[in-house]
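Input: a single structure, listed below in structure tokens.
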Amino acid sequence: MGQRSIAGRDDEAWASEYLPERELDRLRSDIESDRVERKSSASDRSNLRRNICALANDLPGHGLPGVIFIGVEDDGSCANATINDQLLTQLAGMKDDGNIIPIPSPIVQKHVLSGCRRDCR
């Protein structure tokens, strides 16, 4: 939930423009790629940090945000994970807990896509 400015807009405005609900749902149901990762839970924090770092690096140079879906199985179906405010706060705190250098600018949001609660980071 960092506040970086991109062309004078805050992160939330930028995320909404580049990742509207329709695009998030498409990414959720598409195959995993260098922009999309799915996690049935957030239990492996070390692995999540590696994914955050990989997506933040944008090695292919897409210039587009990467997404980690928490609570989504590899096939795109709902994992029925418990997503609460405490988890969202912990996920947002990963950006500056000293374990990812340089510090990324993740946006943590809760979404309901195709009737299943999923969170994207």
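Of note:
- For region 30-46, 3J(HN,Hα) per residue [Karplus equation, 6.51 cos²θ - 1.76 cosθ + 1.60, θ = phi - 60°, Hz, x = Gly/Pro]: 7, 6, 5, 8, 6, 10, 9, 9, 10, 9, 5, 8, 9, 5, 8, 5, 4
- A simple spin-label model places the labels of Asn99 and Leu64 2.9 nm from each other, with each point 7 Å out along Cα-to-Cβ.
- Region 18-121 - accessible surface per residue (Å², probe 1.4 Å): 53 Å²
- The Cβ shell under 10 Å around Asp97 holds other residues with a net charge of +2, Lys and Arg each +1, Asp and Glu each -1.
The values are calculated or read from the model by the stated rules, or taken from the named source; none is laboratory data. The model shown is predicted, which means the values in this text are computed figures rather than measured ones. A quick note on method: Cβ atoms are made from the backbone with ideal geometry, for glycine too, and the neighbour counts reach across all protein chains shown. Heads up: the accessible areas ignore ligands, DNA and RNA and are worked out on the full protein's heavy atoms, side chains in. Shrake-Rupley method; radii C 1.70, N 1.55, O 1.52, S 1.80 Å.
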